[in-house]
């Protein structure tokens, strides 16, 4: 979990006609039952305007507002004229430190702090009205486990509507976490780098996917207080988990670690520019060598970009040079994780995918039924799938999306430790074709073509016929 919000500041006792502080609390309940509090600063009337010039984003390494990037966001959204309304969303506390800063910035019409203390508060009508009427939403520091509980509530759609109309979103500390595609939610406790590297499936390593996916920011996972709390190791484990668990498309994941006092401003074109001490982008572009429950992580050649103040990283056109390489072996990371010699010649980058292109995927247990199948539809093809027959009754299922007229072809190399059979199944589980060659180590191949209109999920099933073991089978899956 991340730091609690900043303590209440002593406010200047200056109230004018245009900066009237309104405190409305609580919404729809008595004080003894308060769940939502609302405090508005600045104008009591929302700005009315048809179009805005964003989106714009700020990703802060600690909870407080960084005025440099906040000013950039305000300017980008305004497009050179007018003013905006800001909503600050918090999960605890009674202070308004973010709005205290924001209302003093040029181009701000109002700032409303909304403190939500229960999951149901994400459906509060006044909360959602305030958010939808805002042009920028800032998630305060606090507890990101409380924030992800609002996934699926009206709040999620309201925040997305702000970005869709050309506004913006930001956050610091816990608020930084919740703004990435994959959220380290800390619902099982806060992991340290040592814990995460020793066991990337520790109970503290919990994630929420599918809350927000901002333009150009797919397949990312954020971390905060980065250098101060030595979180490079745990971000490496986050990235490895995201790839291993199939939470990203294309078999790649990008970690974004921002130091305390630093902030990334990301413009509408996906260009991120740093203000403050440092930030790091960590790329995992292949399956981990070892990432299993109860085992230390092994992952070779994380690609790491280090940003200093004023430097940029393009999330829309992600670079292939400028990184340095660090690895983790049996839970022990390379030395000097926060610095390295950048690779400037990427004409011959280290191989990350199987020969012939495509990507690779290692099975994630338990995938012993169609309903628990590993979904590999979003990966690049040809795809190499690896797994093993852990028992004589093991079955491994993988879901593949197939469009009308497409042919699914699967060729499996089976180790000599066991005999495994291959089945291709329809979306309803009917066997379309199979390969059941006899004998331990006998390879299997099968293909099928979808003739019906539209697309559907087909299933690749590997079934233990005789014997078992930890030796991996390897199946090449292609769609044509």
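The values are calculated or read from the model by the stated rules, or taken from the named source; none is laboratory data. Note that the structure is predicted; figures quoted are calculated from it, not measured. Because the Cβ atoms are built from the backbone with ideal geometry, glycine has one as well, and the counts that use them run over all protein chains shown.
Observations, loosely collected:
- Subset of segment 133-159 (residues that are in contact with a strand residue (DSSP E or B) (Cβ under 9 Å, 6 or more places away or on another chain) and within 23 Å of residue 76 (Cα to Cα)): 133, 134, 135, 136, 137, 138, 139, 140, 158, 159
- A search for C-beta distances below 7 Å between a residue of segment 364-379 that is assigned by TED's automatic domain parsing to the domain that holds residue 424 and modelled with pLDDT under 85 and any residue that is crowded, with 16+ Cβ neighbours inside 10 Å and part of a helix (DSSP H, G or I), counting only pairs 6+ apart in sequence or on different chains, returns 364/244.
Results for (1) in a strand (DSSP E or B); (2) assigned by TED's automatic domain parsing to the domain that holds residue 73; (3) free of Cβ contacts under 8 Å to residues at least 60 places away in the same chain; (4) closer than 19 Å to residue 204 by Cβ, shown as yes or no for each residue.
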site	(1), (2), (3), (4)
221	yes, yes, yes, yes
234	no, yes, yes, yes
239	no, yes, no, yes
249	no, yes, no, no
255	yes, yes, yes, yes
261	no, yes, no, no
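- Only one entry of 420, 446, 464 meets the criterion of being buried (at least 19 other Cβ atoms within 10 Å of the Cβ), farther than 30 Å from residue 253 by Cα and either in contact (Cβ under 8 Å) with a residue 60 or more places away in the chain or assigned by TED's automatic domain parsing to the domain that holds residue 247 (or both), and that entry is 464.
- Residue count for segment 185-213 under the criterion of being assigned to a loop (DSSP other than H, G, I, E, B) and crowded, with 20+ Cβ neighbours inside 10 Å: the result is 7.
- Applying the set (1) closer than 20 Å to residue 369 by Cα; (2) not in a loop (DSSP other than H, G, I, E, B) to residue 470 leaves exactly one unmet item: (2).
- Verdict on residue 104 being more than 25 Å from residue 157 (Cα to Cα), surrounded by fewer than 20 Cβ atoms within 10 Å (Cβ to Cβ) and at pLDDT 95 or above: yes
- Residue tally, condition at pLDDT below 95, more than 19 Å from residue 235 (Cβ to Cβ) and surrounded by 23 or more Cβ atoms within 10 Å (Cβ to Cβ), over segment 262-299: 0
- Residue match in segment 172-181 (condition: touching a strand residue (DSSP E or B) at 6+ places or on another chain (Cβ under 9 Å), buried (at least 24 other Cβ atoms within 10 Å of the Cβ) and assigned to a strand (DSSP E or B)): yes
- Strands (runs of 3 or more DSSP E) completely within segment 366-437 that count 3 or more residues being within 29 Å of residue 242 (Cβ to Cβ): 383-387, 395-403, 407-413, 419-425
- Just one residue in the set 361, 323 is at pLDDT below 90 and either more than 14 Å from residue 301 (Cα to Cα) or in the same structural domain as residue 231 (by TED's automatic domain parsing) (or both); that residue is 361.
- Residues located in segment 125-147, provided they are on the phi < 0 side of the Ramachandran plot, buried (at least 24 other Cβ atoms within 10 Å of the Cβ) and under 19 Å from the mean Cα position of the chain (by Cα): 137, 138, 139, 140, 141, 144, 147
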